[in-house]
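A short worksheet on the structure shown next.
The values are calculated or read from the model by the stated rules, or taken from the named source; none is laboratory data. This is a predicted model, so every value here is computed, not measured. FYI the Cβ positions are ideal-geometry reconstructions off the backbone, even for glycines, and counts take in every protein chain you see. Quick note on the areas: whole protein, heavy atoms, side chains included, nothing else; ligands and nucleic acids left out. Shrake-Rupley method; radii C 1.70, N 1.55, O 1.52, S 1.80 Å.
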Amino acid sequence: MGMRWWWAGVSMAVGVVLLAACGGSAGGGPSGVPSASRAPTRSPSVPTPASPSATPGRCAAGHVDVAVGPGDAVARRLCVRPGTVVTLVLRPRTDDKRWTAVHSSAPAFVLVSGWQVGGDGTARASLRCAGTRAGAAVVGVSAKAPDVAGAARVAFSLYVSVVPYGKEG
């Protein structure tokens with residue numbers, strides 16, 4: 001029950017950040033977010049203020065690849081348009097932990113539609129974003145050492161904001 005409340009709190013905080021980002025200036029910029037964009041390194045339980053990649057003018061559309069490797073930040077932000085498909089590639093970890101599962105805090109906005117761990121330890125997740133609705137979700141990927149008892153812990157978090165296109169007229 002405690003983890004459910006934690007996810008609810010994180011979802012609420014991400015929603016507040018999304019509202020703050022949408023309420024500000026739209027700011028111009030490229031239509032896509034490169035897969036190498038990094039979020040500031042802070043604790044994944046405390047969302048950071050809206051970054052340029054979270055503003056409506058810089059949201060990715062269509063298909064986005066996000067690659068995570070050893071030494072990368074444990075949390076990232078991603079702003080997408082409705083209907084975007086995100087491929088999350090998690091390279092093998094350098095510690096003895098292995099990627100075990102992926103979960104979305106709000107499947108109505110970001111649905112995990114595929115999960116596969118390869119023999120080399122590389123994990124791939126396919127995330128489908130809402131087709132018509134705006135919202136936010138935290139996608140948590142857990143990792144665990146195979147020979148240690150206990151539950152796996154979230155080792156990487158992707159904060160996804162689904163922002164609709166602006167209406168004209």
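What the table shows:
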| quantity | calculated |
| --- | --- |
| Apportionment of accessible area to carbon and sulfur, the stretch 85-169, percent (1.4 Å) | 51 |
| Net lengthening on full extension, residue 148/residue 132 (0.36 nm per residue, minus Cα-Cα) | 1.5 nm |
| Charge tally in the Cβ shell below 14 Å around residue 120, where Lys, Arg are +1 and Asp, Glu are -1, residue 120 excluded | +4 |
| Pair residue 89, residue 61: separation of 7 Å Cα→Cβ label points (nm) | 2.5 |
